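Peer 1: Have a look at this one.
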Amino acid sequence: MHMSRPKGLQVLCLAAIAMTAAACSAATQAPPMPSPATVTSAAAAGAAVRAPVNPGSFGGDVQAACDAMVTVNSLQPPGTDPDGPAASPQELTAWATQVETPLSVAAHNTPPELSDSFGVLTATVNSAKSGTQVNTEDPAIIDALATINASAYDHCGFQTLAVQNDSGVLSGVPATLAAGPVAIKFTNSGDPATAAFVLLVGHIKAGQTTTLADVLAGTTDLGAVADMVAAAAPMGDGPAYAMARLTPGHYVVAGPLGTPPAFTGFIGAEFDVPGAGGPSLKPH
């Protein structure tokens, strides 16, 4: 489940559901910053303290469940653009039909500790199939997907991207990652002045020569030059989680510091996902 939104800071408000509508409106008046073309829903980012999941309680095909949740994270509910029209019943049904199979696979192959969370997502999909709009600001939906993604980070065995924001300094991003699923954990700064509003992972489009310096300077619209594959939106003091499927190319990890509309700067890093035997894909 994720959202698309190509228009500046307001998309980051969508990506970080913890912000109120008024704060998001104010943020759109702030100086421009990189804007994503596709942002994973903040439901994919967890912040509340989660009860631990006992690995021994996993049943069924755990790998199938993990792969299915990567797919669920990637599917975008229609009608989430606040400036666009509401989704039609046909669009909602089509989205629900896409989501329900991988969601069912995951729900039937994971431990009982996650049953309530999967129940929330399943009810949301069933309602959408009946024509009900998806409320991506619903705390229950946000918490459910966050809980599942946090468990996936701990137990799926995917390669991980553990990013830390230490008082406005980003660390934990390696030079390269392998193609395939990645589980993302973002630990934010405890100081509101240097905390990131949302952490975005963008896959630079073929032919683009954007540099990380351009993104950090705020002179490049990240949404125009990259496809967003994940967003980790902190909500509270705990880490945020997301999942994505990486393909070969060059990636930028970036986020604004501070609270909208008073951003104080940007943090960022970059990595490559090489093709088989290929060279670095970093633009020059």
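Any read-out appearing in this document is the output of simple, stated calculations on the displayed coordinates, not a laboratory observation. Here the structure is a predicted model, which means the values were calculated and not measured. Ideal geometry is used to build each Cβ from the backbone, glycine not excepted, and the neighbour counts take in all protein chains shown.
Peer 1: Given an 8 Å cut-off on Cα distances and at least 6 residues of separation, report the relative contact order of region 143-260 as a percent.
Peer 2: Relative contact order here is 33 percent.
Peer 1: Explain nothing, just the number: dipole magnitude of region 62-145 about its Cα centre with +1 on each Lys and Arg Cβ and -1 on each Asp and Glu Cβ, in debye rounded to the nearest 20.
Peer 2: Dipole of region 62-145, to the nearest 20 debye: 260 debye.
Peer 1: Provide the gained length on full extension for the span A123 to D166, in nm with one decimal, where the gain is 0.36 nm per separating residue minus the Cα-Cα distance.
Peer 2: Details: separation 43, 0.36 × 43 = 15.48 nm, distance 3.82 nm.
That pair, A123 and D166, stretches by 11.7 nm at full extension.
Peer 1: Rg to Rh ratio, region 62-145, alpha-carbon atoms and Kirkwood radius?
Peer 2: 0.97
Peer 1: Separate question: What order do you get for 230-239, 154-163 when each peptide is scored by the mean count of other beta carbon atoms within 10 Å, highest first?
Peer 2: Most protected by this proxy first, the peptides run 230-239, 154-163.
Peer 1: Give me the extension gain from A217 to A179: residue separation times 0.36 nm, minus the current Cα-Cα distance, reported in nm with one decimal.
Peer 2: So the extension gain works out to 10.8 nm.
Peer 1: Also, quick follow-up: Any idea how far apart L75 and A94 come out in nm if each label point goes 7 Å out from Cα toward Cβ?
Peer 2: It is 1.4 nm.
Peer 1: Give the Rg (one decimal place) followed by the Dmax (whole number) of region 145-194, computed from C-alpha coordinates and expressed in Å.
Peer 2: 12.5, 35
Peer 1: Show me 180-192, 242-254 ranked by packing, highest mean number of other Cβ atoms within 10 Å first.
Peer 2: By packing density, highest mean first, the sequence is 242-254, 180-192.
Peer 1: Along the charge dipole of region 62-145, which of T124, I142, V99 sits closest to the positive end, that is, farthest toward it, with unit charges on the beta carbon of Lys, Arg, Asp and Glu (+1, +1, -1, -1)?
Peer 2: Highest projection toward the positive end goes to V99.
Peer 1: Further question: Using packing as a proxy for protection, rank 133-146, 257-270, 78-91, 193-206 so that the peptide with the highest average count of other Cβ atoms within 10 Å comes first.
Peer 2: 193-206, 133-146, 257-270, 78-91
Peer 1: Now for a different question. Under a plain spin-label model, where a point goes 7 Å from the Cα along Cα-to-Cβ, how far apart in nm are A262 and A86?
Peer 2: 3.7
Peer 1: With a point put 7 Å past each Cα toward its Cβ, work out how far R245 is from Q208 in nm, to one decimal.
Peer 2: Taking the simple label geometry, R245 and Q208 are separated by 2.1 nm.
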